[in-house]
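*Asks:* Take this structure first; my questions come after.
The values are calculated or read from the model by the stated rules, or taken from the named source; none is laboratory data. None of the values given here were measured: they were computed from a predicted structure. All Cβ positions, even for glycine, are placed from backbone atoms using ideal geometry, and neighbour counts span all protein chains on display.
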Amino acid sequence: MPSSTRVRYRVVGFMLALGAVTYLDRACIATLSPDIRRDLGLSKDQMSWIYSAFAIAYAAFEIPTAWWADRMGTRRVLTRIVAWWSAFTMATAAAWSFSSMLVIRFLFGTGEAGAWPNMARTFSRWIPRSERGTIQGIFFAAAHVTGGLTPLIALAVAGLCGWRWTFVIFGVPGIVWAIAWHRWFRDDPEQHPAVTPAELAKIVAGRDQSTTLHEGWAYWRQLLRHRNTLPLCLMYFPNSFGFYFCITWLPDYLREQHGFDSMRLGFFTGLPLLLSIVADLLGGLATDAATRRFGLRIGRAGVGAASYLVAGIAMLLATTTAHPELAAWCTATAVAASMFTLGASWGTVIDIGGSHTGVVGAAMNTSGQIGSIACPLIVIWLQQHYDWNAPLYLIGGLFLLGAVAWGFINPHRKIFE
């Protein structure tokens, strides 16, 4: 028998690049917001709606796109997703008013919807069960490397050629990725000519058998009524709410509440995502190690709950200090602790989703996107009616509620059996 190949790690490499491009295109708008608001004459409230327009579209099209991927495979669906969102990243440069920017960012969100569930489905078909938490952690680390560096990159590029050309330049990598992905990738390792029998045997060992139920009311009732679905969705809501604060209003919070200048602002705006890189990697390793030692429930739900507990405490501590740098570090630590859960979260999606991983992941991620929709609007309302600490109280409380939700998730119990 030929020696085992490592084609699956090339698939992981494509997914790492996907995560990087996703965060590059998604996170740059917050950094460029002051220039955009000045040139287009936008208020903070209007900018909040622009942020939320992306999340509304993302949430609306998340489950349909994931359902399509479960039926058709991720090769074609991810090609469409990345090409679409890259085109509308470039199109953002052409916005001339509030309404035009709102429509463009809505269409951008429509295109990007389903990216994360497609990632999870790809891993469910290509990655052995024993490696899934670690690989998920590596994936999100790559995404957060780019997210953490995006403020610095965006400021540097915009300083050279303005915010409009920055969006054009940032759209190019996604087009290149989509072409390469469609040419090389296959939906299942059995279809790829470079995969040897030895590697194939390792990949499929313990993999859930595919089922054919993909439509009809019975399918959706099973998803919506299963006892894992609601706590899974409630658990993920604070993760996206807290993250979206980082890529929308965090720069304004640091500037207005703590008086950061542009140099420190670039660093501390990116700090939550830079710390998240370490949290992603350690969280992925921790969930797999804890699963091997203590079983699946402790390895997933126990790790997730403990991480959210740390996140909630750190975010609440950020409201108690008058030292700007300490407040920024507490906020960054809270976000990183919430990102520590990602390996466990998406590992659980694969555990309970099986061959329906795309739709289960989309249900969870849609709940997260509801948090993303609400975050910019609620944050700016709280800030205007109270102060900048009020949103941090809310986010800290949501993290603590997420810890409670983990207690009701059983990764042994599959949604579709």
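Per-residue answers, yes or no, for (1) modelled with pLDDT of 90 or more; (2) part of a helix (DSSP H, G or I):
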{"site": "305", "(1), (2)": "yes, yes"}
{"site": "309", "(1), (2)": "yes, yes"}
{"site": "313", "(1), (2)": "yes, yes"}
{"site": "322", "(1), (2)": "no, no"}
{"site": "332", "(1), (2)": "yes, yes"}
{"site": "355", "(1), (2)": "no, yes"}
{"site": "366", "(1), (2)": "no, yes"}
{"site": "377", "(1), (2)": "no, yes"}
{"site": "382", "(1), (2)": "yes, yes"}
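*Asks:* OK, next. Quick test for you: out of 99, 86, 48, pick the one residue that is over 25 Å from residue 182 (Cβ atoms) and touching a helix residue (DSSP H, G or I) at 6+ places or on another chain (Cβ under 9 Å). Step through it out loud before you land on a result.
*Replies:* Working: 99 fails: touching a helix residue (DSSP H, G or I) at 6+ places or on another chain (Cβ under 9 Å); 86 fails: over 25 Å from residue 182 (Cβ atoms).
Unique residue meeting the criteria: 48.
*Asks:* Go through the range 131-169 and report how many residues are in contact with a helix residue (DSSP H, G or I) (Cβ under 7 Å, 6 or more places away or on another chain) and closer than 30 Å to residue 283 by Cα.
*Replies:* Final tally of qualifying residues: 22.
*Asks:* Same structure, new question: Evaluate the range 99-114: report whether one residue or more is out of contact with any His (no Cβ under 6 Å at 6 or more places or on another chain) and of a type in the set (Lys, Arg).
*Replies:* So far as the range 99-114 goes, yes, one or more of its residues are out of contact with any His (no Cβ under 6 Å at 6 or more places or on another chain) and of a type in the set (Lys, Arg).
*Asks:* Here's a follow-up. Just to be sure, is residue 350 farther than 22 Å from residue 147 by Cβ, assigned to a helix (DSSP H, G or I), touching a Ser or Thr at 6+ places or on another chain (Cβ under 6 Å) and not small (Gly, Ala, Ser)? If you could, list the steps in order and put the result at the bottom.
*Replies:* Details: farther than 22 Å from residue 147 by Cβ: yes; assigned to a helix (DSSP H, G or I): yes; touching a Ser or Thr at 6+ places or on another chain (Cβ under 6 Å): yes; not small (Gly, Ala, Ser): yes.
Against the criterion (farther than 22 Å from residue 147 by Cβ, assigned to a helix (DSSP H, G or I), touching a Ser or Thr at 6+ places or on another chain (Cβ under 6 Å) and not small (Gly, Ala, Ser)), residue 350 qualifies.
*Asks:* Please give the number of the condition residue 75 fails out of (1) at pLDDT below 90; (2) charged (D, E, K, R); (3) surrounded by 18 or more Cβ atoms within 10 Å (Cβ to Cβ).
*Replies:* Here residue 75 meets the rest and fails (1).
*Asks:* Can you say whether residue 251 is in contact with a helix residue (DSSP H, G or I) (Cβ under 7 Å, 6 or more places away or on another chain), touching a residue at least 12 places away in the same chain (Cβ under 8 Å) and over 20 Å from residue 335 (Cα atoms), as far as the supplied structure shows?
*Replies:* No, not satisfied.
*Asks:* Listed residues 361, 396; which is under 27 Å from residue 117 (Cβ atoms), of a type outside the set (D, E, K, R), part of a helix (DSSP H, G or I) and in contact (Cβ under 8 Å) with a residue 40 or more places away in the chain?
*Replies:* Details: 396 fails: under 27 Å from residue 117 (Cβ atoms).
361 is the lone residue from the list that is under 27 Å from residue 117 (Cβ atoms), of a type outside the set (D, E, K, R), part of a helix (DSSP H, G or I) and in contact (Cβ under 8 Å) with a residue 40 or more places away in the chain.
*Asks:* Being closer than 19 Å to residue 27 by Cβ, assigned to a helix (DSSP H, G or I) and of a type in the set (Gly, Ala, Ser) is the requirement here; does residue 201 meet it?
*Replies:* no
*Asks:* Can you tell me which condition residue 261 does not meet? The list is (1) surrounded by fewer than 24 Cβ atoms within 10 Å (Cβ to Cβ); (2) farther than 25 Å from residue 146 by Cβ, and all the others hold.
*Replies:* So residue 261 meets the others, but not (2).
*Asks:* Which ones in the range 334-353 are closer than 16 Å to residue 119 by Cβ and either at pLDDT 95 or above or not acidic (Asp, Glu) (or both)?
*Replies:* Within the range 334-353, 339, 342, 343, 344, 345, 346, 347, 348, 349, 350, 353 meet the criteria.
*Asks:* Same structure, new question: Can you tell me which residue within the range 166-183, out of those that are surrounded by 14 or more Cβ atoms within 10 Å (Cβ to Cβ) and out of contact with any Ser or Thr (no Cβ under 7 Å at 6 or more places or on another chain), is farthest from residue 115 (Cα to Cα)?
*Replies:* Looking at residues that are surrounded by 14 or more Cβ atoms within 10 Å (Cβ to Cβ) and out of contact with any Ser or Thr (no Cβ under 7 Å at 6 or more places or on another chain), I get 166.
*Asks:* Of everything in the range 118-143, what is among the hydrophobic types (A, V, I, L, M, F, W, C) and assigned to a helix (DSSP H, G or I)? Give them in sequence order.
*Replies:* Once the filter is applied, which keeps residues that are among the hydrophobic types (A, V, I, L, M, F, W, C) and assigned to a helix (DSSP H, G or I), the range 118-143 yields 119, 120, 123, 126, 135, 138, 139, 140, 141, 142, 143.
*Asks:* When residue 300 is evaluated against the numbered criteria (1) surrounded by fewer than 22 Cβ atoms within 10 Å (Cβ to Cβ); (2) in a helix (DSSP H, G or I), which criterion, by number, is the only one it fails?
*Replies:* Single failed check for residue 300: (1).
*Asks:* All but one of (1) over 18 Å from the mean Cα position of the chain (by Cα); (2) of a type outside the set (Val, Ile, Thr); (3) farther than 30 Å from residue 198 by Cα hold for residue 70, so report the exception by its number.
*Replies:* Only one criterion is unmet by residue 70, namely (3).
*Asks:* Does the range 136-145 include one or more residues that are of a type in the set (Phe, Trp, Tyr) and under 23 Å from residue 251 (Cβ atoms)?
*Replies:* yes
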